[in-house]
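Notes follow the structure.
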Amino acid sequence: MIRTKVRVRGASMAALATVVLGVATATIPPAEAEAAPLGRACLFLDKEGAPFGGRTYGHVAWAIRDPKNTSHWIWGATENAEGDGYTAPGKNNGSWIQGGTWGEMRGETKRKRTIELARYDAYRCINTAGGDLTAAQRTFTQMKWNGYAVFTNNCLTKAIAIFRKYSRGLDSDHLPDGYSTEPKYYFYASLNGARGWERARAY
């Protein structure tokens, strides 16, 4: 088999094409590929969180990265402010949000409310083709005031809603439904079977 490399001139910034038996296939230059905006979403797990009925179901927090400024993140969680299984819509359900760098999120400075290193056990992330922080923040506000229910409207379902508004690419194949699913089961089993998620790491 004869392979000949030829240089393609034009608007593609001199992309290389490989000619194999007269058939040309072009590749995107690395500089152009790297220029595409890249979003990122992360889920954090507190294994001992959400005690209810004599057992723990796990608690999650979330973070998303600004694709236009990769040093900037927003993050938050829903903490079940009333401490029981149900909070009526319109009441405080303990949702909060912050913004800053990854280091600030982890508590390297004291100026932010953090996803505490001492509390959370693990995290895992997924890259996305872009991301809409405005849509995510709007959804956070909706989740803040739509109540709380321990099995069906909780820290996990709210995080999933925020992720899905952040990126249309986070569909059911990449982000399964969390309805009536324990957060710690979802973090491991559900996301292990989903597409694109990195392995869980110690936080």
Accessible area of residue 123, 1.4 Å probe, to the nearest 10 Å²? 30 Å²
Determine the order of 128, 152 by accessible area, beginning with the largest, at a probe radius of 1.4 Å. 152, 128
Sequence-distant residues sharing a close amide H with residue 87 (under 5 Å, placed H): 148, 149
By accessible area of protein heavy atoms, probe 1.4 Å, what ranking do 150, 60 get, highest first? 150, 60
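State whether segment 106-203 is rounded, prolate or oblate according to the following rule on the C-alpha gyration tensor (a ≥ b ≥ c being the square roots of its eigenvalues): a/c under 1.5 gives rounded; otherwise a/b larger than b/c gives prolate, and the remaining case gives oblate.
rounded
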Estimated vicinal HN-Hα couplings, Hz - segment 143-160 in sequence order (Karplus 6.51, -1.76, 1.60; Gly, Pro = x): 5, 5, 10, 9, x, 7, 9, 4, 9, 10, 8, 10, 4, 6, 5, 5, 4, 4
Enter the accessible area per residue of segment 75-114 (Å², integer; probe 1.4 Å; all protein chains in place). 52 Å²
List the lysines whose Cα sits under 17 Å from the Cα of residue 158, skipping any in the same chain fewer than 8 residues away. 91, 144, 184
Let me check something: with ligands and nucleic acids excluded, how do 104, 48, 182 order by accessible area (1.4 Å probe), largest to smallest? 48, 182, 104
Explain nothing, just the number: relative contact order of segment 96-203, from Cα pairs under 8 Å at least 6 residues apart, as a whole percent. 30 percent
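The values are calculated or read from the model by the stated rules, or taken from the named source; none is laboratory data. In this text, all values refer to a predicted model and were calculated from it rather than measured experimentally. With ligands, DNA and RNA removed, areas are computed over all heavy atoms of the protein, side chains included. Shrake-Rupley method; radii C 1.70, N 1.55, O 1.52, S 1.80 Å.
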